[in-house]
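Have a look at the structure below, then the notes.
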Amino acid sequence: MTSAGITISDLTVGYGGPPVLDGVSLQVRPGGTLAVLGPSGSGKTTLLRALAGFVRPATGRIEIGDKLLTDGQVLVAPERRGVGYVRQDGALFPHLDVTGNILFGLTRSERRRATQVGPLLELVGLSPDLAKRRPDELSGGQQQRVALARALAREPAVVLLDEPFSSLDTALRAATREATLTALRERGATTVLVTHDQAEALSFADQVAVMLNGRFAQIGSPEEVYDAPVTAEVGAFLGDIMLLPGCADGRIVDCVLGKLDLAEPSTGEVLVMVRPEQLTLGTPSGLTARVVSAAYHGPDAMLRLDLTDTATRLVARVPGHNAPHPGDLVGIAVPGPVRSFPKPGLLRPQHAADENPQA
Ligand code: ADP
């Protein structure tokens, strides 16, 4: 199978009311993995449905490789797109066995290519012995792998995964995700995964697109979107953050946690973003805080702390072993660089002036 990239330009999709996708653009390299991450209702599934051809976009273009799928005039039918779709529930036919499910709906030539169901099952990490089982004789994780094998049987250039791991329990989810990623890489399929699970998006994909309200707020590598979010909203969506008022002067910002290094220079009043794992705790000296509560999770613990002599509540993620206890006094440091955002209040006059130049 040849890999093909995806190019989406200025895509707008609605269901009769206001647009659900509002002019989104995106590129996925051939063989790349993109995770579309966003809260429920932000338009993630609609993007997949537009890619698969289940919904007609109002405007915009979608191309896979050099094949135009839609541009307002053209609308290529779903079965002619070279796209495989794996849904949240796997959607296997209960009355067919694994082989029947994998071969269902294939054309004669696709069927000839895929008659080797055994290797397809091995590709997704399943034993070929399962070929004669029915879906109700499989675990949830096995069903999802069969659904993936069915999508791969057509040798699609692009595979779309719509929250395919969300119904699985934690251990099974990680194993199924791993097997899926291995199979997709082996086939060189370009993959778009839709998820609302931050950890899943960050670990699965080489590119993460954060969707908020029908638009991409940021597209970047997992490290970029987590460490260098473009807004506090994106930062907060990807994980816990503290936002502390501060005053920036170039590479240094002065805030309640002292003078911290800035990853990007800034000036004036800002909000400093600190993630809980950026705080390190030590013996009380300099900055001190009292532990208010500790939630133990095994490998790590989340602490709530009150910074001494201020009304500042902090959150720290620390290793679980020897984590401090409620009531303990600890020293606080922020060793690495932090990010900052312009203070929202300071932006408002600028926006107001933009919207109403006469004002
Ligand atoms: P997500 O996958 O991020 O949860 P969806 O793409 O499913 O978001 O939905 C985005 C918005 O579009 C929601 O407000 C949803 O109610 C609306 N929507 C989705 N499908 C339809 C449909 N078939 N008809 C009308 N509105 C829809």
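The values are calculated or read from the model by the stated rules, or taken from the named source; none is laboratory data. No experiment lies behind these values; they were computed from the predicted model shown. Heads up, the Cβs are rebuilt from the backbone with ideal geometry, glycines too, and the neighbour counts pull from every protein chain shown.
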> Which one is modelled with the highest pLDDT among residues in the stretch 260-285 that are among the hydroxyl-bearing types (Ser, Thr, Tyr) and more than 19 Å from Val230 (Cβ to Cβ)?
Replying inline: Thr280
> Which residues, taken from the stretch 27-40, are over 11 Å from Val192 (Cα atoms) and surrounded by 16 or more Cβ atoms within 10 Å (Cβ to Cβ)?
Replying inline: Pro30, Gly38
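Conditions tested, residue by residue: (1) among the β-branched types (Val, Ile, Thr); (2) buried (at least 21 other Cβ atoms within 10 Å of the Cβ).
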site	(1), (2)
Phe165	no, yes
Thr170	yes, no
Thr176	yes, yes
Thr191	yes, yes
Ser203	no, no
Gln207	no, yes
Asp227	no, no
Glu233	no, no
Leu243	no, no
>> Here's a check for you: in the stretch 213-224, which residue that is in contact with a helix residue (DSSP H, G or I) (Cβ under 7 Å, 6 or more places away or on another chain) and either assigned to a strand (DSSP E or B) or in the same structural domain as Gly336 (by TED's automatic domain parsing) (or both) is surrounded by the most Cβ atoms within 10 Å (Cβ to Cβ)?
In response: Gln218
> Can you name the residue in the stretch 245-269 that is under 24 Å from Arg304 (Cα atoms) and of a type in the set (Gly, Ala, Ser) and, of all such residues, is surrounded by the fewest Cβ atoms within 10 Å (Cβ to Cβ)?
Replying inline: Gly258
>> Can you go through Gly268, Gly286 and tell me which one is part of a strand (DSSP E or B), more than 16 Å from the ligand (Cβ to nearest atom) and on the phi > 0 side of the Ramachandran plot?
In response: Gly268
> Which members of the stretch 132-142 meet the condition of being surrounded by 18 or more Cβ atoms within 10 Å (Cβ to Cβ) and within 11 Å of Phe93 (Cβ to Cβ)?
Replying inline: Pro135
> Do any residues in the stretch 204-229 that are closer than 15 Å to Leu11 by Cα and touching a residue at least 40 places away in the same chain (Cβ under 8 Å) have Cβ atoms under 7 Å from those of residues that are of a type in the set (D, E, K, R) and crowded, with 23+ Cβ neighbours inside 10 Å, where the two are at least six apart or on different chains, and which pairs are they?
Replying inline: Met211/Lys44
> For the stretch 71-98, which residues satisfy the criterion of being within 16 Å of the ligand (Cβ to nearest atom) and within 21 Å of the chain's Cα centre (by Cα)?
Replying inline: Tyr85, Val86, Arg87, Gln88, Asp89
> Could you list, in sequence order, the residues of the stretch 227-248 that are part of a strand (DSSP E or B) and among the hydrophobic types (A, V, I, L, M, F, W, C)?
Replying inline: Met242, Leu243, Leu244, Cys247, Ala248
> Before we move on, is Val192 within 16 Å of the ligand (Cβ to nearest atom) and among the hydrophobic types (A, V, I, L, M, F, W, C)?
Replying inline: yes
